[in-house]
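First comes the structure, then the notes that go with it.
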Amino acid sequence: GTMNSPVGQTSSGTMNGATTSSGMNGDIAAENTAASSGAYGVTTEGGATTDGTYGNNAAFNSHGDASGGAVSTTEGSYGEIPPEGATATVEMAPGWRLPGTLPGTGNIDLSLSDLNNFKDAWDPYEPSDNAVFWHIPKAGGSTVKDIIGTCHRFVMATEFGVTDGHDQDTEIAVVYPRSGPEGSGSDRSPFVNVDTTTVAGIDRAQRMGFADSGLAQAIVTPFIYEANNLFTSTAKGRIFTVFRHPIDRAISLFYYIQVADWEPTYSPELVNWSLEDYAKSPLIENNWMTRQLSNTLEGDLNDDHLKIAMEVIRRKFLVGLMTEIERTMERFERYFRWTYHVNPPNQEACRVRLLQGGSNTNASGNKKDKPQEGSEAYELLRLQNMYDLQLYEYIESLFEEQDEFVQDIPADFRNIDATCCKCFPPTFPPEGFTCPLAILN
């Protein structure tokens, strides 16, 4: 594939002989965040507005080979730090193969050296860890991102940091752009003056000494392999994210691009498409998570890529689930020891509002019926996500296992030792806290 802009990528491949190519890049992050019931539950739409973030939504090929072996995952106890060299395993059952999958070579590098500036998920948390949110389009990430920025009021590194002309800054700094996210009341939200949501922005941030500055309390990016270069051996990142069932995410993305006339790749004819039309078109994504996590953005996937993706998740991610968004947000807060410092009652109300309603919804604002398992639309989407479906099942089990990471942290940690810089008299944590600036005309 080729980078055709700082945001998004274009790739091509084949699906049973038919050429496919990307139709999606640029800013895609409008999503609902209402929990669905179970992995195949009916997803409900909720939320208010849409915001732009990242693309890299290239469509890729899938090989519809229907012979070979099935894939399953086995893991040891998560109660212990895995021994050096321990890996997630993929066992092949002889005699048959899931459609849309290919056997691997078994000769793969699981050292994850390209992600060596990210902490291992099993290493104990340290206050110096840089919290890095991998934003998956249409997976509930905007709710988490907005709770961190709008409710907790933390200094963030996102696309907003380079608005108001700050893309011309030469020194790393915290800024308060006028064009930050809505919902923060009369205060502007703080950002580092970099853009970590594009490859070019990541390169600029690295040159400006972003990691060693320690200015950002949370970093948002869709590019984990490129973002590895943001950090150093002495200032490492720690990745966390929210995952969504691959078929639910594909359906939500379709209903989004039908109406997203602000996207540069928008096509009016999509309004009349059915879900089946989309699933058969070059716009459909193929195993998006597996490709991103294995850093294989084009070409045929095989079992080796699934194994790499599983290993990246196991060793590098604190995982959350859109179907468990409240547990997920609480776990992130407990894990990173996030507490309120501005006005705790208002911040808690902000958090409740976002968790119950969501940051975003599909712009149409309409609830959409999900196709039944076994229907043509469902099976077409399933075929394009055979590896992602296996990966998601693994993530669901890992989510439960990782609960032990926060067993010793109180559930209501965000309110424990909270301070109020907007109160009279104001209070501040021992380590200090810069109160958000009021809007200045």
Filter result (of a type in the set (Ser, Thr, Tyr) and either surrounded by 23 or more Cβ atoms within 10 Å (Cβ to Cβ) or assigned to a helix (DSSP H, G or I) (or both)) within the stretch 287-300: Thr290, Ser294
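Restricted to the stretch 263-280, and to residues that are outside any helix (DSSP H, G or I) and in contact (Cβ under 8 Å) with a residue 40 or more places away in the chain, which residue is surrounded by the most Cβ atoms within 10 Å (Cβ to Cβ)?
Glu263
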If you go through the stretch 392-404 one residue at a time, do you hit one that is on the phi > 0 side of the Ramachandran plot and either touching a Lys or Arg at 6+ places or on another chain (Cβ under 7 Å) or not hydroxyl-bearing (Ser, Thr, Tyr) (or both)? no
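Determine which member of the set Ile313, Ile257, Ile284, Ile308 is open to solvent by less than 10 Å² (accessible area, probe 1.4 Å), in contact with a helix residue (DSSP H, G or I) (Cβ under 9 Å, 6 or more places away or on another chain), β-branched (Val, Ile, Thr) and at pLDDT 95 or above.
On the way: Ile257 fails: at pLDDT 95 or above; Ile284 fails: at pLDDT 95 or above; Ile308 fails: open to solvent by less than 10 Å² (accessible area, probe 1.4 Å).
On inspection, the qualifying residue turns out to be Ile313.
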Is one or more of the residues making up the stretch 139-151 more than 18 Å from Phe118 (Cα to Cα) and either surrounded by fewer than 17 Cβ atoms within 10 Å (Cβ to Cβ) or aromatic (Phe, Trp, Tyr) (or both)? no
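Which is farther than 21 Å from Ile148 by Cα and modelled with pLDDT of 95 or more, of Leu391, Leu440?
So the residue among Leu391, Leu440 that is farther than 21 Å from Ile148 by Cα and modelled with pLDDT of 95 or more is Leu391.
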Can you tell me which of (1) modelled with pLDDT of 95 or more; (2) within 24 Å of Met289 (Cβ to Cβ) is the one Ala205 doesn't meet? (2)
In the stretch 220-253, what residues are surrounded by fewer than 22 Cβ atoms within 10 Å (Cβ to Cβ) and acidic (Asp, Glu)? Glu226
So Phe191 fits all but one of (1) closer than 25 Å to Glu330 by Cα; (2) at pLDDT below 90; what number is the exception? (2)
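Quickly run through the stretch 376-417 and pick out the residues that are more than 30 Å from Ser294 (Cα to Cα) and either free of Cβ contacts under 8 Å to residues at least 24 places away in the same chain or over 28 Å from the mean Cα position of the chain (by Cα) (or both). Please lay out each step first, then the result.
Looking only at the stretch 376-417, we keep the residues that are more than 30 Å from Ser294 (Cα to Cα), and these are 407-417.
If the condition is that a residue be more than 30 Å from Ser294 (Cα to Cα) and either free of Cβ contacts under 8 Å to residues at least 24 places away in the same chain or over 28 Å from the mean Cα position of the chain (by Cα) (or both), then Gln407, Asp408, Asp412, Asp417 are the ones that fit.
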Within the stretch 400-427, track down each residue that is open to solvent by less than 50 Å² (accessible area, probe 1.4 Å) and out of contact with any helix residue (DSSP H, G or I) (no Cβ under 7 Å at 6 or more places or on another chain). Gln402, Thr419, Cys421
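Please go through the stretch 223-274 and give me each residue that is among the aromatic types (Phe, Trp, Tyr) and touching a strand residue (DSSP E or B) at 6+ places or on another chain (Cβ under 7 Å), ordered by number.
We begin by selecting, within the stretch 223-274, every residue among the aromatic types (Phe, Trp, Tyr); these are 223, 225, 231, 240, 243, 254-256, 262, 266, 273.
Listed by number, the residues that qualify are Phe231, Phe240, Phe243.
The values are calculated or read from the model by the stated rules, or taken from the named source; none is laboratory data. Only a predicted model underlies this, so the values are computations on that prediction, with no experimental measurement involved. All Cβ positions, glycine included, derive from the backbone under ideal geometry; neighbour counts span all protein chains shown. Heavy atoms of the whole protein, side chains included, go into the accessibility calculation; ligands, DNA and RNA do not. Shrake-Rupley method; radii C 1.70, N 1.55, O 1.52, S 1.80 Å.
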